[in-house]
1. Please give the calculated 222 nm ellipticity per residue for the chain, where each DSSP H segment of at least 4 residues contributes -39500 (n - 2.57) and the sum is spread over every residue; nearest 500 deg cm²/dmol?
2. Listed highest first by mean packing, meaning other Cβ atoms within 10 Å per residue, what order do 112-122, 325-335 come in?
3. How big is the dipole moment of segment 98-334 about its Cα centre under a simple scheme where the beta carbon of each Lys and Arg is +1, that of each Asp and Glu is -1, and everything else is neutral? Debye, nearest 20, please.
4. At a 10 Å Cβ-Cβ cut-off, how would you order Ser214, Ser18, fewest neighbours first?
5. Which value, in debye to the nearest 20, describes the size of the charge dipole of segment 2-85 about its Cα centre when Lys and Arg Cβ atoms bear +1, Asp and Glu Cβ atoms bear -1, and nothing else is charged?
6. So for His10, His324, His180, His240, fewest C-beta neighbours within 10 Å to most, what's the order?
7. Over 20 Å between Cα atoms, which of Lys105/Lys142; Lys61/Lys238; Lys275/Lys299; Lys103/Lys209; Lys105/Lys183 qualify?
8. For helix 163-179, report the angle its Cα long axis makes with the longest principal axis of the Cα atoms of the chain; keep it between 0 and 90° and round to the nearest 10°.
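We did not get these values from a lab; they are worked out from the coordinates using the rules stated. Only a predicted model underlies this, so the values are computations on that prediction, with no experimental measurement involved. Virtual Cβ from ideal backbone geometry, glycine too; neighbours counted across all protein chains shown.
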Amino acid sequence: MVYSFELIKHANIRYRESLPALARCELFAMLFSLGISCDISPESMGGSVFLTFECRELTEKELSFLSGHSSVVFIAEKKGGFLRPLSAPSAARLPDDLPEVLKYKGKTGVTFTRMMINTAAAISFFHDPDHPLTFFDPLCGKGTGCFCALTAGMNAVGIDVDRKDIREAADYFSRYLQFHKLKHEIKNRSETVSKQAVPVTTFSFAATKEDFQSGNVRTLTLACADTAESPALFRRNKAHIIAADLPYGIQHAPQAGARPESMQRFLARILPAWKQALRPGGAIAVSFNTLTLPADQVKQALVASGFRLPKNELFWCLRHDVEHAVVRDVVFALNTEEESVI
């Protein structure tokens, strides 16, 4: 069958121009996780951009999974020059407004964040729908990445050194759960990290009272700590995927304690820690500003830390404009000693 997926008309004109390449990579990875490898072609129809591909007939469950693509708004079968709309029930566990409502300066776009999470999850070794993945954002800020992961049905862990940001993320999520009348529980504890007590807040929640009582819950864990201390929070259960948006080096630069740190030193310091927090077979997505950190240096740092890079050329053409001083790129990698199969 031939399928055509319509893409959103993103509000950011610069990002919209790069959307087909980003969306194509994401869709390729998602299809790959279903055991499908095929050519995907962008095409314009009726003033909209579609991604068109031919493969075996997809099941309703598979279409539901693909409908979680960050940029797809309409799914159809293409036949004889016509499009036949296909039903694709949403696989989202929480309303889409969760990552959208909280606005703040420097927030990474929700569409791009979901693209990183979806692609990393798809290229990882973990695809069992009955066992939710654990997502980790080691530079979580006010939680956009975590909220995107929760919407997709994952558990989420966020760490940030800014206590104010962590508190605002926790307060927002608490209000959100109350507003949507979701059954939940909040627990506060301390973890000993480098001989210091780190405050940790964990939310457990479910869509219904019955799910909550049966233990069919999802969790959000937020901690205020240096990202290099990440392994201390994953002593029991490691993450399946990581997505991190590095400081762009314009208004914000990485810190080593109270002193500014170069991006190169920052990567050398934190990537080994992130690898320890990630399960073998897990995947990482790292986005960054190429004007302050060349892509080759990110790739070299990932390889030096023991990650494997995808070989497919779709993963090497993701550089895109965001604003005047930011030309962003994203690199994906696997936590494995084996050669990448994608």
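1. Rounded to the nearest 500, it is -9000 deg cm²/dmol.
2. Top to bottom by mean Cβ count within 10 Å: 112-122, 325-335.
3. 420
4. Result, fewest neighbours first: Ser214, Ser18.
5. It works out to roughly 200 debye.
6. His324, His180, His10, His240
7. Over 20 Å apart, Cα to Cα: Lys61/Lys238; Lys103/Lys209; Lys105/Lys183.
8. 60
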